[in-house]
Amino acid sequence: MLKKMIAGMALVSLITASAEACTVMVVTKGASADGSTMVSHSNDGRGAEMNLIYVPAKDHPKGSKRPVYPTAVALNTMPEYNAFDQPNLVAPERSEGYDYPGKPRTVPIGYIPEVEHTYAYMDADYGVANEHGLMFGECTDMSAHLPEVPYKKGGGIFYAAELSRVALERCKTAREAIQLMGSLIDEYGLWGTAETLAVADKDEAWVFEMQMSPTGKGGLWIAEKIPDGDFFIEANQLRIHAIREGDPGQIFNPRLPEMLKEFGWAAYDEEGRLDWMKSLQSKEFHHPYYSKRRVWRAMSLVAPSKNLPSRVADWDSKTYPLSIRPDRKLNVEDIARIHRDYYQGTKFDKSKSPLAGLYGSPYHYVVEMGERSILSSKTSYSHISQAGGMLPSPVVWMSMDTPFENPFIPFAVSKVPEEYRALRDTYDPSKMFWASNQVMALTQGYFNIMAPTVKEAVEQAEKNSMQLVGSSSGLTKEQFADALRKNSLKIFEDWKQLSTKLLMKFKSDVGIEYEKQPKPDTPKSY
């Protein structure tokens with residue numbers, strides 16, 4: 001028993017070191033208010049990249065090779081390949097957004113044949129969305145059998161980040177992307193950790209889950225379609241269960257069942273079907289509610305009528321379905337609100353936890369051994385991608401830092417203003433990153449004093465952006481992109497002013513808040 005406990009503690013420590021725990025959500029077109037499909041992703045690693053980079057469409061000479069780059073977001077920094085936390089990637093040939101003079105270029109770990117034409121797309125720590133409306137969201141998972149596989153020469157060359165980028169360069173639909181990524185895994189192999197990529201286009205949405213192979217060759221992968229009209233969330237734990245051969249709603253390597261048996265990993269559900277999640281022993285990072293509590297909360301917010309229980313039997317419980325039908329159609333504001341959730345109004349409210357910060361802060365700055373909320377102090381950025389409906393082109397709504405203090409700002413798949421590209425190690429007041437940091441630092445330090453002012457500013461910025469996007473159906477793609485860039489610069493100016501406003505409010509309101517507190521009874525004289 002002691003050996004098992006020590007092994008379990010070591011596993012938790014290992015996984016904690018390699019992942020900060022992202023959350024990914026999908027709204028299918030039938031579940032959205034405007035008929036668009038949405039994919040969201042919170043990148044919950046404070047050491048991660050925070051820039052949204054535009055990679056232009058390109059033509060390539062026949063017979064050329066595409067470099068496959070390593071990334072520090074997979075496990076750790078890789079100095080021998082110049083792969084650091086930030087910049088995430090230094091590769092000027094891919095995009096001018098990845099040109100950082102004076103920084104050493106990232107060294108490829110492999111090459112694959114290039115195609116003659118690649119599509120334009122938006123990139124961050126993981127691929128985001130391309131010009132055709134193919135969209136991605138990511139979260140790190142784990143398999144107790146094989147939690148981590150560092151890159152080594154001769155092994156797999158793909159991690160989820162580069163897989164998503166190759167798909168954005170070459171594919172228009174989610175199905176195409178799944179087939180391509182699966183074939184790349186089969187041929188070139190995986191390294192890193194178990195991963196989930198939400199993959200969607202304007203018509204379909206899928207969950208794509210993958211795991212490294214113990215042989216060092218190829219990998220294991222499976223994808224399942226999210227029914228149109230449903231909402232999906234994943235929070236660092238694999239969600240697909242039964243492997244259903246012949247089901248058009250699933251795509252996987254035909255050898256997957258055989259591979260699981262060969263590795264001695266095969267596990268079955270109560271109906272005798274091979275179970276993907278149980279076979280990989282995809283336990284939670286911190287059992288029992290690090291992952292499932294977030295799934296419960298998001299599903300409860302979009303479908304309160306289902307009255308889902310907040311407690312589960314075990315890590316492999318099927319208490320929550322893969323996806324759920326919302327009580328009403330969802331919009332961007334709804335998904336943004338979920339990303340800002342810290343269980344407020346429930347008995348799990350993070351602002352009332354023993355780990356809560358000063359001034360009623362819901363942010364926790366320790367490794368949590370229980371449930372965590374969707375809102376996290378570790379978030380470096382969040383995005384909500386949107387395609388279809390009446391949009392002139394796909395939109396990426398980007399929120400720098402933690403989304404409670406920063407609005408989701410819409411961008412078209414086009415060049416992003418220089419004000420939105422920064423480095424964390426160089427303070428620069430001309431960058432939105434540093435304006436957002438100032439607002440975030442003040443708010444998180446004096447939460448209940450600052451939060452009402454910040455909340456009002458965030459809601460107003462998003463309301464203005466929603467109105468702009470909603471009135472843009474008659475614009476060309478170029479006009480739309482330009483209007484969104486101008487809007488982003490207006491928000492940047494507003495956020496610079498907001499930090500000043502918060503400082504003035506702090507000076508005025510701290511004393512007021514103190515005066516509002518009940519005074520102790522005057523001691524009696526004896």
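The values are calculated or read from the model by the stated rules, or taken from the named source; none is laboratory data. What you are looking at is a predicted structure, and each value in this text was computed from that prediction instead of being measured. Neighbour counts are summed over all protein chains in view; Cβ atoms, including those assigned to glycine, are modelled from backbone coordinates with ideal geometry.
Report yes if Asn76 is in contact with a helix residue (DSSP H, G or I) (Cβ under 8 Å, 6 or more places away or on another chain) and over 16 Å from Asp123 (Cα atoms), otherwise no. Taking the combined requirement at face value, the residue satisfies it.
Going through the range 401-459 one residue at a time, which ones are in a loop (DSSP other than H, G, I, E, B), out of contact with any Phe, Trp or Tyr (no Cβ under 7 Å at 6 or more places or on another chain) and over 22 Å from Gly45 (Cβ atoms)? Once the filter is applied, which keeps residues that are in a loop (DSSP other than H, G, I, E, B), out of contact with any Phe, Trp or Tyr (no Cβ under 7 Å at 6 or more places or on another chain) and over 22 Å from Gly45 (Cβ atoms), the range 401-459 yields Pro417, Pro429, Ser430. Selection of the range 435-482 for residues being of a type in the set (Lys, Arg) and more than 30 Å from Tyr359 (Cα to Cα) yields only Lys477. For the range 246-270, a residue qualifies if it is surrounded by 11 or more Cβ atoms within 10 Å (Cβ to Cβ) and farther than 23 Å from Lys318 by Cβ, and the qualifying residues are Asn253, Arg255, Glu258, Met259, Glu262, Phe263. Screening Ser164 against (1) among the hydroxyl-bearing types (Ser, Thr, Tyr); (2) part of a loop (DSSP other than H, G, I, E, B); (3) touching a Phe, Trp or Tyr at 6+ places or on another chain (Cβ under 6 Å) leaves a single unmet condition, (2).
The set of residues from the range 460-503 being closer than 11 Å to Pro407 by Cβ and not in a helix (DSSP H, G or I) is empty. Can you name the residue in the range 76-98 that is touching a Phe, Trp or Tyr at 6+ places or on another chain (Cβ under 8 Å) and assigned to a loop (DSSP other than H, G, I, E, B) and is also surrounded by the most Cβ atoms within 10 Å (Cβ to Cβ) among such residues? Filtering the range 76-98 for residues that are touching a Phe, Trp or Tyr at 6+ places or on another chain (Cβ under 8 Å) and assigned to a loop (DSSP other than H, G, I, E, B), the one surrounded by the most Cβ atoms within 10 Å (Cβ to Cβ) comes out as Leu89.
Residues checked against (1) in contact (Cβ under 8 Å) with a residue 40 or more places away in the chain; (2) in contact with a strand residue (DSSP E or B) (Cβ under 9 Å, 6 or more places away or on another chain); (3) within 22 Å of Gln250 (Cα to Cα); (4) surrounded by fewer than 24 Cβ atoms within 10 Å (Cβ to Cβ):
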residue	(1), (2), (3), (4)
Tyr119	yes, yes, no, yes
Ala144	yes, no, no, yes
Gly154	yes, no, no, yes
Ser183	no, no, yes, yes
Leu190	yes, yes, yes, no
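Touching a strand residue (DSSP E or B) at 6+ places or on another chain (Cβ under 7 Å) and either among the aliphatic types (A, V, I, L, M) or surrounded by 13 or more Cβ atoms within 10 Å (Cβ to Cβ) (or both): does that describe Ala451? No, not satisfied. Listed by first and then second residue, the pairs linking a residue in the range 94-111 that is under 20 Å from Lys58 (Cα atoms) to a residue that is of a type in the set (Ser, Thr, Tyr) and assigned to a strand (DSSP E or B), with Cβ atoms under 8 Å apart and 6 or more places separating them unless they lie on different chains, are Ser95/Tyr54; Gly97/Tyr54. If you filter the range 9-47 down to residues that are modelled with pLDDT of 50 or more and in a helix (DSSP H, G or I), you find that the one that is surrounded by the fewest Cβ atoms within 10 Å (Cβ to Cβ) is Gly30.
What number of residues in the range 332-367 are in a loop (DSSP other than H, G, I, E, B) and crowded, with 17+ Cβ neighbours inside 10 Å? Qualifying residue count for the region: 12.
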